[in-house]
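The values are calculated or read from the model by the stated rules, or taken from the named source; none is laboratory data. Everything numeric in this text was worked out from a predicted model, so none of it was measured. Here the Cβ positions follow ideal geometry from the backbone for every residue, glycine too, while neighbour counts run over all protein chains shown. Protein only, heavy atoms only, side chains kept; ligands, DNA and RNA dropped before computing areas. Shrake-Rupley method; radii C 1.70, N 1.55, O 1.52, S 1.80 Å.
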Amino acid sequence: MMSLNNKKILLGVSGGIAAYKSPELVRQLIKQGAQVQVVMTEAAAQFVTPTTMQAVSGNPVFLSQWDTRIPNGMPHIELTRDVDAILIAPASADLMAKLSLGLANDLLSTLCLAKGHETNGSITPCPLLITPAMNRQMWEHAATQRSVKRLLQDQVTILGPASGDQACGEVGMGRMLEPIEICDALIAFFQPKLLQNKKVVITAGPTYEAIDPVRGLTNRSSGKMGFAIARAAVEAGAEVQLISGPVHLETPLAFLGKIKRVNVQSAAEMHAAVMSQTSCDIFFSVAAVADWRVNQIASQKIKKQSSSDTLSLELLQNPDILLEFVNSLVGKSSFCVGFAAESENVLEYGKKKLITKKIPLLIANHGPSTFGEDSNQVTLIDAQGEVSLGPANKLALARDIIFQVSQRLSK
Ligand code: CTP
C-alpha cells in the first residue's frame, strides 16, 4: 500500500552529518509513491553528493538560487508551486535559526519564505516540516530553543529530534529521526484530522491465561488489527491509550508521543487496565480476550502422571471487559466499538453481539482467515445496517474504520 501516492515533496537537505541518511529517506518516500525534488545547501553537499541525491530521487538537484535551469530564473519561486509539502531533513541549527528569522541568503532558505502551492491561479502556503539534527549542546542552546519557539509560532511542524548516541560520540537529544520514522510522520501529516484531540482507548492482541509457570491458554490473535487502529487514530489526531496483550509488535508512531502503551498478560490484567480509564471519546475493543482462565494456577510445572493420560483443568469464565466498560459509562458520551472474530455465521453472530454488548457499532470478521495476516475484510454492523470494507491491508482498513467511526460521532 502506497500512502504518499500523488504527493510531490520538496526535500531540503542542510549541512549536518545526519545528511548521510537523506538518500535512504528519499527511497522511503518514493517507495510510498511520492515524487521527490531535492534542494541542498552548500554545506549539505559536504556530507552527501548531489549526484547521489539525483540518482535516488530521479530528478536534478538544486543548490543555488542562481541556477539557470528554471526558465524564468526564479527557482526559489518555481520549485515550490506544485509541491504538497516541504520537508527538511536534516535541519541544522543554522538553517533553523535562519528560517525562524526569515533570513533568505541561499536557495533553500529563500524558497522556504516564498513557498506556496498554486491551485487554480491562487497561492496557498505549502506546509513546512523539519527534522532537526545536531549535537545535544547545540540543540539545548537557548538560541536554538528560541528558533524552535518561533518556528512553532509560524506553524512549522517539528519532527523530533530523538535522544541517543550522536555521531560526535556524545549521548543526548539531537539525533535525527530515522528515515522510516520521518516517512511515517509525513504520511500521518497528510491524513485527515478526523479525531483531532479525541481520547481513544484500544485493546489489542490476545490474552494469556497461565496454567503453570511454563504453560498457558491463549489464541492466534497477532494484535496487528488493533495496532493498525492505534496508528490510524494517531494519524487522525487522537491521543491513544493502547492496552496490549502479549504481541511482538512495536508501538506505532511511538516517536510522536501520542500513544501511551500498557502491556498486560491475562484477561484480569486487561480488565483492570481498561476499567482504570476514567474517560474516553472512543473505545475500540479489538483484543481477542480469552473467555476462560484456569481456576488454580499450578505454582510449579505440572508433571506427566504415569497413572493417567488425561489432565483436567477447571476453567472459570473471565469478565466481559467490553460489556463491563460499557456498563460503567452510563451518562458518558463514549462511543464503543466491538470486534467479533468468528469461525462461522460471521454476520449472524456479529448482529447478536451488537445487542448483547450494548454497543453502537460492531466490526465482524472471520477469525481463522485473518489472525496473523497483514490484510483483512470486515463488516461494520450498526442499527442502520451493514457496511463491508476490504479485503485490504490492515492499515488501510483501519483508516477506513476511523473514517466510519468519525462519521457516526458527528451525528
Ligand atoms: N470481549 C471482551 N472481554 C471478553 C470477551 C470479549 O472485552 N471476555 C470483547 C472483545 O474485545 C470484542 C467483543 O467482546 O470486542 C467480542 O469478542 P468475541 O471473542 O468475538 O466474543 P465473546 O463475547 O467472547 O463471545 P463468544 O466467545 O461466545 O463468541
> Taking the range 282-303, which residues are hydroxyl-bearing (Ser, Thr, Tyr) and free of Cβ contacts under 8 Å to residues at least 60 places away in the same chain?
Replying inline: none
>> I'm trying to understand the selection: among the residues of the range 381-403, which are open to solvent by 40 Å² or more (accessible area, probe 1.4 Å) and either within 18 Å of Ser369 (Cβ to Cβ) or of a type in the set (A, V, I, L, M) (or both)?
In response: Ala383, Val387, Ser388, Gly390, Pro391, Asn393
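Every residue, every condition in (1) at positive phi; (2) part of a strand (DSSP E or B); (3) within 16 Å of the ligand (Cβ to nearest atom), yes or no:
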{"residue": "Ser163", "(1), (2), (3)": "no, yes, no"}
{"residue": "Cys168", "(1), (2), (3)": "no, no, no"}
{"residue": "Ile180", "(1), (2), (3)": "no, no, no"}
{"residue": "Phe189", "(1), (2), (3)": "no, no, no"}
{"residue": "Leu194", "(1), (2), (3)": "no, no, no"}
{"residue": "Thr203", "(1), (2), (3)": "no, yes, yes"}
{"residue": "Ser221", "(1), (2), (3)": "no, no, yes"}
>> For the range 189-228, give me each residue that is under 16 Å from the mean Cα position of the chain (by Cα) and of a type in the set (Lys, Arg).
In response: Lys193, Lys198, Lys199, Lys224
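Conditions (1) under 22 Å from Asp67 (Cα atoms); (2) under 24 Å from the mean Cα position of the chain (by Cα), marked per residue:
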position	(1), (2)
Leu4	no, yes
Leu10	yes, yes
Lys31	no, yes
Gln35	yes, yes
Glu42	yes, no
> In the range 281-329, which residue that is within 14 Å of the ligand (Cβ to nearest atom) and among the small types (Gly, Ala, Ser) is nearest to Leu409 (Cα to Cα)?
Replying inline: Ser285
> Within the range 237-257, how many residues are in contact with a strand residue (DSSP E or B) (Cβ under 6 Å, 6 or more places away or on another chain) and either more than 12 Å from the ligand (Cβ to nearest atom) or acidic (Asp, Glu) (or both)?
Replying inline: 7
> Is there any pair with a first residue in the range 388-411 that is aromatic (Phe, Trp, Tyr) and a second that is open to solvent by 50 Å² or more (accessible area, probe 1.4 Å) whose Cβ atoms are under 9 Å apart and which are 6 or more apart or on different chains, and what are they?
Replying inline: Phe403/Pro192; Phe403/Leu194
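For every residue, the table says whether it meets (1) touching an Asp or Glu at 6+ places or on another chain (Cβ under 7 Å); (2) closer than 27 Å to Val156 by Cβ.
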| residue | (1), (2) |
| --- | --- |
| Leu186 | no, yes |
| Leu194 | no, yes |
| Ala204 | no, no |
| Ile211 | no, no |
| Leu217 | yes, no |
| Gly237 | no, yes |
| Ser244 | no, no |
| Leu253 | yes, yes |
| Lys258 | yes, yes |
>> Pairs needed: first member in the range 347-363, near the ligand (Cβ under 8 Å from one of its atoms); second member anywhere, at pLDDT below 95 and open to solvent by 10 Å² or more (accessible area, probe 1.4 Å); C-beta distance under 8 Å; at least 6 residues apart or different chains.
In response: Tyr349/Glu342
> Being aromatic (Phe, Trp, Tyr), buried (at least 20 other Cβ atoms within 10 Å of the Cβ) and either modelled with pLDDT of 95 or more or outside any strand (DSSP E or B) (or both), is that true of even one residue in the range 138-146?
Replying inline: yes
> Given the residues Leu111, Leu79, Leu107, which is the only one that is over 25 Å from Asn6 (Cβ atoms) and either open to solvent by 50 Å² or more (accessible area, probe 1.4 Å) or within 33 Å of the chain's Cα centre (by Cα) (or both)?
Replying inline: Leu107
> Taking strands (runs of 3 or more DSSP E) that do not extend beyond the range 20-127, which have at least 1 residues that are of a type outside the set (A, V, I, L, M), within 17 Å of Met176 (Cβ to Cβ) and out of contact with any Asp or Glu (no Cβ under 8 Å at 6 or more places or on another chain)?
Replying inline: 85-91
> Looking at the range 288-297, which of its residues are out of contact with any Leu (no Cβ under 9 Å at 6 or more places or on another chain) and either closer than 23 Å to Lys332 by Cα or part of a loop (DSSP other than H, G, I, E, B) (or both)?
Replying inline: Ile297
